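S.K.: This structure is in structure tokens; I'll ask about it shortly.
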Amino acid sequence: MSNKMIKKAAACGLSAVMAFGLVAVTEAPKTTNVSAATKKVKKLSFKKKGYVMKSAGRWMNVRIRLNFSPKSSKTKNLTYKSSNKKIATVSKSGILRTKKKGTVTITAIAKNNKKAKATMTLTVGKVVKTLKFKEGTKATKTEGQKFTLHPTYKPSDAATKSVTWKSSNTKVATVSSKGVVTAKKAGNATITATAKDAGKKKATFKVTVKAKAVKPSTTTTTTTVKPVVSGNKVTLSGIDASATQYVVKRNGKEAILSAADVKEALGYLGNPASAYKEWLATTSRTELFVTVEGTKGSATKTVTVTNVNDQYNGEYTVTVTEVKAGTEYNVKAVKTSTGATRNIKVTVASNGTVTAESNKYKVVSDKSATNVTITNKESNSTYTTKKSNGKYTIELPASIGKDVTITQTVTVTK
């Protein structure tokens, strides 16, 4: 056999061997690593909670950023989801591609255990670096009040400018998805806003809630004090010093006195100096049956009395003179129609006792006007007013007081 034929035969045999080997390899039964195929992913997580990609048109391998537990369960058999495919998509093999600016949630799920899943936040573009509130960092509110917090973001061109909200104590204050805070009850709470992008910047706002003021309840009672006659005297007792109004009636006539009127009158009685100062300042004033007209600063005024009786009704010219500052005053009243004149001398003792005396009457009062005695020097009759435990008792001659009633209104606030 020639060398040429030997070479040809050898080549054919080698080809046959190679072909047989190739067939043997390709046709050999497949073997499986049983332990790897049955290993179940128990836990899946991303190596970072947030990722940032500068712009659209970029890509990232999602799978290599995953942690598998146990490590031996690492697999390519995963399902991927994007919460917004307009911002970013993920292929079946885990390749993420960015589409436009914004923030999206990427989820990876193990096919052999759908409970094993991992999520991460992806921001395409700039993340928020600084997060604050226009309203500052704290406020004090009252129960029931509402107000809105407004976040501010830096940089101003951050890809995602929105936040999630949380209250540290919802019993004290709640916050809505729009940042509306409602004060619930007294206490302290911290409102936290967290940027939704991958940076997760936070801003906090402290809220102090004060209890709403309890609206006071008021009770109003009206009672009538009637005269008790004993011999030639009449007693009117239980006149409440805290009443807001007194209605005094006698012989069909009525006078309404406010608490302010009584307080002022008693104040002047116990302190003539303040009464004199008010007299000088008066230009026009009407109280009950008396009207005073005059020039400010003048000691002389015109006083008109109406609806009392014929003896006292009419116009008077009244002059008040300060004889000794704070301790002595003279009052002169001249009735215009008759010229009848009445002079009253007012003195203040060193212990504060005030005495006002005319030809007919003498009035003595302590400095607080809690004990007042009026004596008619012509008839020798006495009128007294005494205050004890917040109540006044008045004694009058029966001829004057038997027809007097005092209706008082008392308002109690609790």
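The values are calculated or read from the model by the stated rules, or taken from the named source; none is laboratory data. None of these values were measured; they are calculated from a predicted model. Cβ coordinates were reconstructed from backbone atoms using ideal geometry, including for glycine residues, and neighbour counts include every protein chain displayed. Areas reflect the complete protein model, heavy atoms only, side chains present, ligands, DNA and RNA absent. Shrake-Rupley method; radii C 1.70, N 1.55, O 1.52, S 1.80 Å.
S.K.: Defining a contact as two alpha carbons under 8 Å apart and six or more residues distant in sequence, what relative contact order in percent does the chain show?
M.R.: About 12 percent, as a whole number.
S.K.: With all protein chains present, how much of the accessible area of the chain (probe radius 1.4 Å) comes from carbon and sulfur, to the nearest whole percent?
M.R.: 53 percent
S.K.: Between the helical axis of 3-27 and the dominant principal axis of the chain, each derived from Cα atoms, what acute angle in degrees is found, rounded to the nearest 10?
M.R.: Roughly 30 degrees between the two axes.
S.K.: Largest first and in whole Å, what are the equivalent-ellipsoid semi-axes of segment 86-204 based on the Cα gyration tensor, each being the root of 5 times an eigenvalue?
M.R.: Equivalent-ellipsoid dimensions as semi-axes: 35, 19, 9 Å.
S.K.: Still on this structure, please answer the following. How much mean residue ellipticity at 222 nm does the chain get from its helices, if each DSSP H run of length 4 or more adds -39500 (n - 2.57) and you divide by all residues, to the nearest 500 deg cm²/dmol?
M.R.: -4000 deg cm²/dmol
S.K.: Using Cα pairs closer than 8 Å and at least 6 residues apart in sequence, work out the relative contact order for segment 213-277, in percent.
M.R.: Answer for segment 213-277 is 15 percent.
S.K.: Please enumerate, by chain and number, the lysines with C-alpha under 30 Å from the C-alpha of Lys335, excluding those fewer than 8 residues away in the same chain.
M.R.: The reachable lysines, counting only those whose Cα sits under 30 Å from Lys335, are Lys249, Lys253, Lys263, Lys277, Lys296, Lys301, Lys324, Lys345, Lys360, Lys362, Lys377, Lys402.
S.K.: Taking 0.36 nm per residue of sequence separation and subtracting the Cα-Cα distance, how much length would be gained by fully extending the chain between Thr105 and Gln145, in nm to one decimal?
M.R.: 10.8 nm
S.K.: Sum up the charges of everything whose Cβ sits under 15 Å from the Cβ of Arg285, counting Lys and Arg as +1 and Asp and Glu as -1, but leave Arg285 out.
M.R.: -2
S.K.: Taking the 0 to 90 degree range and rounding to the nearest ten, how far is the long axis of helix 272-281 tilted relative to the main principal axis of the chain, both from C-alpha atoms?
M.R.: 80 degrees
S.K.: Which order do peptides 57-69, 212-224 fall in by mean Cβ count within 10 Å, highest first?
M.R.: Those peptides, ordered most packed to least, come out 57-69, 212-224.
S.K.: Per residue of segment 157-171, in order, report the coupling 6.51 cos²θ - 1.76 cosθ + 1.60 (Karplus, θ = phi - 60°) as ³J(HN,Hα) in whole Hz, putting x for Gly and Pro.
M.R.: Working through the residues one at a time gives 9, 4, 5, 10, 10, 7, 9, 9, 10, 8, 10, 6, 8, 6, 6 Hz.
S.K.: For the chain, what does the accessible surface come to per residue with a 1.4 Å probe? Please give it in Å².
M.R.: Here the per-residue accessible area is 63 Å².
S.K.: Also, quick follow-up: Would you please classify the overall shape of the chain from the alpha carbon gyration tensor, given that a ≥ b ≥ c denote the square roots of the eigenvalues, rounded means a/c under 1.5, and beyond that prolate means a/b larger than b/c while oblate covers the rest?
M.R.: It comes out prolate by the Cα gyration axes.
S.K.: Multiplying the sequence separation of Ala211 and Lys178 by 0.36 nm and subtracting their Cα-Cα distance, what value in nm do you get?
M.R.: 9.4 nm
S.K.: Then there is this: Taking the chain as the reference, fit the longest principal axis to its C-alpha atoms, fit the long axis of helix 259-270 to the helix C-alpha atoms, and give the angle between the two in degrees, 0 to 90, nearest 10.
M.R.: Taking the Cα atoms of the chain, the angle to 259-270 is about 50 degrees.
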